[in-house]
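Take a look at the structure below.
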Amino acid sequence: MKGKTILITGGTSGLGAAAARAFAAMEARVIFCGRRLAEGLQLETNIRPDGGEATFVQADVTNEQEVEHLLNETCRRYGPPDVAFNNAGANLYTGPLEQMTSRQFSDTLAVNLTGIFHSLKYEILAMKAHGGSIINTASTAGVKGVGQGIAAYVAAKHGVIGLTKAAALEQARHNIRVNALVVSAIQTEQWLQRMAAKPGMQEKIAAGMPIGRISTVEDIIPLILFLASEQSTYITGAAIPVDGGITAG
């Protein structure tokens, strides 16, 4: 990764922040975005004293102009990205489908699917001359139905996997690889905060995992680094589970 340019969306906390730290520790040049200015600047400050190169750009992936600016800024500072990790996403609504509003549905698709489209569009334009690796964060909710009041999120994450496969086929001739991570619950800061409001829920989820525990960012980072590396040049269009076995049966 030394000297490579790495672009990360949704990089201010959780898996995105962990990826930013991991790539920077490998002497890559990292540029990452998020909506939260204070958190982004703090992470940038935390990475640099350790010798890493990281730059935060405030951007909302649901806004196409902000994503275009992010790619322009990436190219201006470091050159076209060698790797893009599209991690931005969130479940914005929990409740029965019949009680969901059109706005709740469209907002969920905007951050989880349209944001991936915006990111892919400008990343591909920047990468066409030299190729690269694009990694999208999908979910176990992208490969199976979930009857827990998250129908919009399920629809969006299924869309992420479909978009990943279509983009991979379109861009293979340009040496741009596009893959997706199929992740389950991850013990990020935000996830743990939500669980704190639901006593017993974390233990219930862990008990339902074949491997017997909930994943951490450390479980996911090695796959991200592998897909970013030259060791995975024959892998594209894949939706790869790193989910403790939950989608195995």
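Every number here is computed from the coordinates shown, using simple stated rules; none is lab data. Nothing here was measured: the structure is a model prediction, and the numbers come from that model. Cβ coordinates were reconstructed from backbone atoms using ideal geometry, including for glycine residues, and neighbour counts include every protein chain displayed.
One table, with the values for the structure above:
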| read-out | value |
| --- | --- |
| Two-site FRET efficiency, Lys204 against Glu39, from Cβ-Cβ distance with R₀ of 22 Å, rounded to 0.05 | 0.15 |
| Region 96-138 versus region 210-249: alpha-carbon centroid distance in Å | 20 Å |
| Relative contact order (%) - the chain, alpha-carbon pairs under 8 angstrom, separation at least six | 18 percent |
| Spatially proximal lysines relative to Lys198 (Cα-Cα < 29 Å; intrachain offsets below 8 disregarded) | Lys144, Lys157 |
| Order of Glu230, Glu123 - criterion: other Cβ atoms within 10 Å of each residue's Cβ, fewest first | Glu230, Glu123 |
| Sequence ranges 174-185, 53-64, 202-213, ranked by mean other-Cβ count within 10 angstrom, highest first | 174-185, 53-64, 202-213 |
| Mean ellipticity per residue at 222 nm, deg cm²/dmol - from DSSP H runs of n ≥ 4 across the chain, formula -39500 (n - 2.57) | -13500 deg cm²/dmol |
| Helix runs (DSSP H) in the chain reaching 24 Å along axis by Cα, Kyte-Doolittle at least -1.0 | 151-171 |
